[in-house]
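The values are calculated or read from the model by the stated rules, or taken from the named source; none is laboratory data. These numbers come from a predicted model, not from an experiment. FYI the Cβ positions are ideal-geometry reconstructions off the backbone, even for glycines, and counts take in every protein chain you see.
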Amino acid sequence: MMVVAVCGLFSSCEEDGLKVTTYGYQLQGSYNVVLQGKVTNEGKKRVTEVGFYYSDVSSIPTSTGYKKVCGHSEGEFVATVPRSPDRDLSFCAYAKVSSGAVTYGNIRTIYRD
């Protein structure tokens, strides 16, 4: 059984001492964006993977998008992903723990130019 926590659009998510925050982004030219996230682990769970889910469709990026793995421990992390300037891009940070449970941060959207 996999446990998944999804939080509101404008807050970070906390599940049993594991807090995932999707910060902002920085555009890199017209076709790339640097995503920013953070995982704070105040519980006893072992973080095994952190990264981002992202999508250029208007939905939750975890169900229709791509995954970019950024590491395997808590702290701040970034990822550079492709972006089309004529489409919106939704993204959220995530953390996976040794049990397989995934906690997602808030969903952010970069609107088309």
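Give the residue, chosen from Leu27, Leu18, Leu35, that is among the aliphatic types (A, V, I, L, M) and more than 20 Å from Thr80 (Cα to Cα).
From the options Leu27, Leu18, Leu35, the qualifying one is Leu18.
Filter segment 75-112 for residues that are farther than 11 Å from Tyr53 by Cα and free of Cβ contacts under 8 Å to residues at least 40 places away in the same chain and give the result.
Gly75, Asp86, Arg87, Asp88, Thr109, Tyr111, Arg112
Quick one: count up the residues across segment 77-90 that are at pLDDT 95 or above and in contact with a Ser or Thr (Cβ under 9 Å, 6 or more places away or on another chain).
Qualifying residue count, segment 77-90: 0.
Do we find that Val57 is modelled with pLDDT of 90 or more, surrounded by 12 or more Cβ atoms within 10 Å (Cβ to Cβ) and β-branched (Val, Ile, Thr) in this structure?
No, not satisfied.
Looking at Ser30, Ser73, Ser84, which is the one that is surrounded by fewer than 19 Cβ atoms within 10 Å (Cβ to Cβ), in a loop (DSSP other than H, G, I, E, B) and in contact with a strand residue (DSSP E or B) (Cβ under 8 Å, 6 or more places away or on another chain)?
When all the criteria are applied, what remains is Ser73.
Among what's in segment 91-113 and is in a loop (DSSP other than H, G, I, E, B) and not hydrophobic (A, V, I, L, M, F, W, C), pick the residue that is surrounded by the fewest Cβ atoms within 10 Å (Cβ to Cβ).
Filtering segment 91-113 for residues that are in a loop (DSSP other than H, G, I, E, B) and not hydrophobic (A, V, I, L, M, F, W, C), the one surrounded by the fewest Cβ atoms within 10 Å (Cβ to Cβ) comes out as Tyr111.
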